[in-house]
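K.L.:
I'd like to ask you about the structure that follows.
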Amino acid sequence: MNTDSIPLLDQTIINELKDIVEDSVYEIYQEYDITVSDILSLIPDSMDNPDQLIRLSHTIKGSSGSIGLERMRAIAETIEHGLRNNEDIDISTLTAQLSSTFSETIDALKDSGLIKS
């Protein structure tokens, strides 16, 4: 999946979230970092369990999309929908892409000051 055209961060959603929750926005992104890191650690043991991968991807998709992490949302959605619809997807490549995009996303959140280093 080529995600180069999909932004890591959707600044519109991030700004709306800042307006709504104000200073709590930092806690939201910090919690996202911890939670998604934990979820990603479960993926290697779930590679032979499509139902589990669907649930994990669904959780990442929803968490990411609701706080403006667009590329993470898109990759997780591709995994979830591909598995749900029995599409011929390269799950190993997509989960590796999800993991590397997570690292890029966290770095971008740190660079923007939304997560403290």
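The values are calculated or read from the model by the stated rules, or taken from the named source; none is laboratory data. Given the structure is predicted, the values throughout are model-derived calculations rather than measurements. Positions of Cβ are backbone-derived with ideal geometry, glycine not excepted, and every protein chain shown enters the neighbour counts.
K.L.:
Could you look through the range 59-74, keep only residues that are of a type in the set (A, V, I, L, M) and touching a Leu at 6+ places or on another chain (Cβ under 8 Å), and pick out the one that is farthest from Ser103 (Cα to Cα)?
P.N.:
Ile67
K.L.:
Sort out which residues of the range 98-109 are surrounded by fewer than 19 Cβ atoms within 10 Å (Cβ to Cβ), touching a residue at least 40 places away in the same chain (Cβ under 8 Å) and not hydrophobic (A, V, I, L, M, F, W, C), and write them in order of number.
P.N.:
Within the range 98-109, Ser99, Glu104 meet the criteria.
K.L.:
If Ile106 meets every condition in (1) touching an Asp or Glu at 6+ places or on another chain (Cβ under 6 Å); (2) part of a loop (DSSP other than H, G, I, E, B); (3) not polar (S, T, N, Q) apart from one, which number is that one?
P.N.:
The number of the failed condition is (2).
K.L.:
Moving to a separate point now. Has the range 44-62 got any residue that is closer than 23 Å to Ser5 by Cβ and in contact (Cβ under 8 Å) with a residue 24 or more places away in the chain?
P.N.:
Yes, the conditions are met somewhere in the range 44-62.
K.L.:
Tell me whether the range 64-80 contains one or more residues that are at positive phi, in contact with a Phe, Trp or Tyr (Cβ under 9 Å, 6 or more places away or on another chain) and either of a type outside the set (A, V, I, L, M, F, W, C) or not in a helix (DSSP H, G or I) (or both).
P.N.:
No - not one qualifying residue is present in the range 64-80.
Results for (1) among the acidic types (Asp, Glu); (2) at pLDDT below 95; (3) in contact with a helix residue (DSSP H, G or I) (Cβ under 6 Å, 6 or more places away or on another chain), shown as yes or no for each residue.
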| position | (1), (2), (3) |
| --- | --- |
| Gln11 | no, no, no |
| Asp45 | yes, no, no |
| Glu80 | yes, no, yes |
| Gln97 | no, no, yes |
| Ala108 | no, no, no |
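K.L.:
If I ask for residues that are in contact with a Leu (Cβ under 7 Å, 6 or more places away or on another chain) and in a helix (DSSP H, G or I), which ones from the range 1-27 would you list?
P.N.:
If the condition is that a residue be in contact with a Leu (Cβ under 7 Å, 6 or more places away or on another chain) and in a helix (DSSP H, G or I), then Val25, Tyr26 are the ones that fit.
K.L.:
Scanning the range 52-97 for residues that are under 21 Å from Asn15 (Cα atoms) and of a type in the set (S, T, N, Q), which turns out surrounded by the most Cβ atoms within 10 Å (Cβ to Cβ)?
P.N.:
Across the range 52-97, the extreme among qualifying residues is Ser64.
K.L.:
Can you tell me how many residues in the range 29-49 are under 19 Å from Ile89 (Cα atoms), surrounded by 15 or more Cβ atoms within 10 Å (Cβ to Cβ) and not β-branched (Val, Ile, Thr)?
P.N.:
Number of matching residues: 2.
Residue-wise test of (1) small (Gly, Ala, Ser); (2) modelled with pLDDT under 95.
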site	(1), (2)
Thr35	no, no
Ile54	no, no
Lys61	no, no
Ala76	yes, no
Asn86	no, yes
